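Reading through the structure tokens given below for one structure.
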Amino acid sequence: MPGIDESRQFIPLKIAVLTVSDTRDLADDKSGSTLADRISAAGHVLAARAIVKDEVEAIRAQMKRWIEDKAIDVVITTGGTGFTGRDVTPEAVEPLFEKKMDGFATLFLLVSHGKIGTSAIQTRATAGVANATYIFCVPGSPGACKDAWDEILVHQLDYRYRPCNFVEILPRLDEHLRREKARTPSG
């Protein structure tokens, strides 16, 4: 049965939040704030936060900086996952993936369908691993950010979550890179 194993120690991760938007700044970035608040409330560290325009090169440049930063374990983007001409987050980020996480997109779609019905088909949420860093790209609405965090990420980014979670395999993501990342009590 899935759930929190209280006998395990919580391990705070260092998580960066990237908002992709042509119109937002930090003062009115509700989606980025939703994620930042939830990250902190869960006991993780908000390692960085930024806003970039809906442009492939701007998104990719910020992502590259963060995935090269040894102090960042996870990057969550919000925005740019729809179908309009300016929505280019998947195009910017997916080429950076060493491994794509198809299950995240599928699970996000299922969670969204339960909340917004067939409108969920309009997302291109995506996720993967790049340079031993988890990357999750979610839609730009506060509701979508809540759904992604509350229904998926809060569990998978918690070392205590059983039967398995992303934290326990984080040290092994960089076996080929030999660099320091978050460590489990046994790792």
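With neighbour counts taken as other beta-carbon atoms within 10 Å, the residues Val88, Val17 rank, fewest first, as Val88, Val17.
Give the relative contact order (percent, whole number) for the chain; include only Cα pairs under 8 Å separated by 6+ residues. Relative contact order here is 26 percent. Every Cα-Cα pair in region 1-98 was counted, and those over 23 Å apart are 31% of them. Across every direction, the projection of the convex hull enclosing the Cα atoms of region 73-115 has a mean area of 3.9 nm². The calculated 222 nm mean residue ellipticity attributable to helices in the chain amounts to -9500 deg cm²/dmol, summing -39500 (n - 2.57) over DSSP H runs of n ≥ 4 and dividing by all residues.
Think of the chain as a dipole: +1 on every Lys or Arg Cβ, -1 on every Asp or Glu Cβ, centred on the Cα centre; then among Ala48, Ser141, Leu170, Leu170 lies furthest on the positive end. Please return the longest stretch of the chain lacking exposed loop sites, where GluC sites (Glu not before Pro) count only if DSSP places them in a loop and at most 11 other Cβ atoms lie within 10 Å. Within the chain, the longest run free of exposed GluC sites (Glu not before Pro) spans 7-174. Of Pro12, Pro171, Pro95, the residue with the greatest mean-square motion in the GNM of the chain, using alpha carbon springs below 10 Å, is Pro95. Specify the inter-centroid distance of region 98-161 and region 1-54, based on alpha-carbon positions, in whole Å. Centre-to-centre (Cα) distance: 13 Å.
Relative contact order of region 38-147, taken over Cα pairs closer than 8 Å and 6 or more residues apart, is 29 percent.
Geometric descriptor of the chain, per residue, is 110 Å³ (volume of the convex hull of the Cα atoms).
Rule-based calculations on the coordinates, nothing more; no lab input. Just so it is clear, the model here is predicted, and its values are computed rather than measured. Heads up, the Cβs are rebuilt from the backbone with ideal geometry, glycines too, and the neighbour counts pull from every protein chain shown.
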